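Written below as structure tokens is the structure these notes are about.
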Amino acid sequence: MARTSSRAKATVNYNEETDGIKAKGATMKAASKVKATAAKQINDKRKIGEEEDEDVKVEVLEADEEKKKKRAAKPEPKKRKTKASKEEDASPLAVRTPIPSLEKAMYIGAHVSVQNAVTNAVQIGANSFALFLKSQRKWDNPPLAPDARDGFISGCRHSAYDAAAHALPHGSYLVNLAQADEAKANQAYKAFVDDLARCEELGIKLYNFHPGNTGGDTKKEACGRIAAQLNKSHKATKSVVTVLENMAGGGNVVGSTWEDLRDIIALVEDKSRVGVCIDTCHAFAAGYDLRTPETFEKTVESFNEIVGAKYLKAFHLNDSKAPFESHRDLHANIGTGFLGLRAFHSVMNHDEFRGVPMVLETPIDKKDEKGKTVEDKQVWADEIKLLESLIGMDPESDEFKKLEIELQANGKSERDKIQEQVDKKVAKDAKKGTKGKKKKRAAASDDESD
Ligand SMILES: [Zn+2]
Ligand SMILES: [Zn+2]
């Protein structure tokens, strides 16, 4: 997985940036200064307590189109964000770390909104980013607006983002490529291949999606249907790599074992067009331990043996609010969950993972003064710096131990809460026997989201 090309890009100048963001002077010293305060800032700002882990606000490309239409009909629209307040929203929250200043070329970022994706990525100091290409809750979407396309491409160029390597769009939650029903399968395919076409228009090479749900059929049938849809989509497009995400849920969810992913890939005709994104939270909840250096090695080895290292194309970096093998998909902030900081230290220092996009999907919602839920992107800005600071850090050092303890303390109440739920469920299911087990499986897939 090591990409020598990441070093070749080492000379990029991140200075060509939006106003107020000056990365030119971001020496190692400055970066480590930010790193030192990262944990503290996280401690101060992080507020855990949301059960919901679907933390990404969907903003859609067609909003622009709709706005234009509305503007035409109504010249004096009521309350709309002023230009000034929009600019204020994009004020820098962290200086982007120049990759050459890192001991290992780890491209860490987060999920940004599709409008102003590049500006948002720069704002949080991200070196990679995820985005939606259209509304995730609607089947019908207008085509990609040429303005939006050109803005994205020039934005990437201007801010030295290699969209082909470090942008990782996320597929629609509505799409299930394992769908058996013909009409529904066609609808899913249409939405899927439309996203792939958008990637190609935007110069994006990797496209991440959830493999699907069996709908009650066998895994074998489901994997076959997914692969068939992928083969068809590869023929309809040119270059985009379809990246399967591993899942947390058991039961009918496809992709929670390395074997599921292997079985899909085995049926894909063009192997250069398929890959895997490992979500650390999902892997852990599905029963792949990463907590200690030993379990981390074992999990990586099993992935390499069963799926193959060459298929690993990306990461979703999330801690887990739910315990090991609970099959629950509940993202926690880095270091605060059941995975803990040691797991992320292992990820950040694994040479084979260099060069791939590593995207945070951790919770950033908090309540403002009025009790309204708002996004605090500073959390991601700080988590990016925290993860970068782990590269080359001695895990036996006081610095690391202190961070580890602080972050675990932050997540304790939330971990206890979810542990209690899991324990109750286990006890309940034990009473009910196999009948309960089936129910548990169905319920386990309920929190699946990103
Ligand atoms: Zn998830
Ligand atoms: Zn994910």
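Each reported figure results from applying straightforward, stated rules to the coordinates on display, with no laboratory input. Being a predicted model, the structure only gives us computed values, none of them experimental. Here Cβ is always computed from backbone atoms with ideal geometry, including for glycine, and neighbour counts include all displayed protein chains.
Considering only the range 203-217, I want to know if a residue exists there that is crowded, with 18+ Cβ neighbours inside 10 Å and over 30 Å from Glu325 (Cα atoms). Yes, the range 203-217 has at least one match.
A quick yes/no check of all residues on (1) over 29 Å from Ala90 (Cα atoms); (2) away from ligand 1 (no atom under 16 Å from the Cβ); (3) among the hydroxyl-bearing types (Ser, Thr, Tyr); (4) under 15 Å from the mean Cα position of the chain (by Cα):
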site: Gly109; (1), (2), (3), (4): no, yes, no, yes
site: Lys134; (1), (2), (3), (4): no, yes, no, no
site: Lys138; (1), (2), (3), (4): no, yes, no, no
site: Cys156; (1), (2), (3), (4): no, yes, no, no
site: Ser159; (1), (2), (3), (4): no, yes, yes, no
site: His166; (1), (2), (3), (4): no, yes, no, yes
site: Asp195; (1), (2), (3), (4): no, yes, no, no
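For the range 249-291, the set of residues classified as part of a loop (DSSP other than H, G, I, E, B) and under 18 Å from Leu312 (Cβ atoms) consists of Gly255, Ser256, Thr257, Val268, Asp270, Tyr288, Asp289, Leu290, listed by residue number.
Of the residues making up the range 262-296, those that are within 16 Å of ligand 1 (Cβ to nearest atom), on the phi < 0 side of the Ramachandran plot and not acidic (Asp, Glu) are Val276, Cys277, Ile278, Thr280, Cys281, His282, Ala283, Phe284, Ala285, Ala286, Tyr288, Leu290. Scanning the range 292-307 for any residue that is assigned to a loop (DSSP other than H, G, I, E, B), more than 16 Å from ligand 2 (Cβ to nearest atom), farther than 18 Å from Ile405 by Cα and of a type outside the set (Ser, Thr, Tyr) turns up at least one such residue. Pairing each residue of the range 313-325 that is under 20 Å from Gly251 (Cα atoms) and more than 11 Å from ligand 1 (Cβ to nearest atom) with any residue that is not β-branched (Val, Ile, Thr) and not in a loop (DSSP other than H, G, I, E, B), provided the two are 6+ apart or on different chains, yields C-beta distances under 8 Å for Pro323/Arg415; Pro323/Gln419; Phe324/Phe284; Phe324/Ala285; Glu325/Ala285; Glu325/Ala286. Taken over the range 339-352, the criterion of being outside any helix (DSSP H, G or I) and over 9 Å from Cys281 (Cβ atoms) is satisfied by Gly340, Asn349, His350.
Against the conditions (1) surrounded by fewer than 16 Cβ atoms within 10 Å (Cβ to Cβ); (2) more than 28 Å from Phe152 (Cα to Cα), Glu200 satisfies every one except (2).
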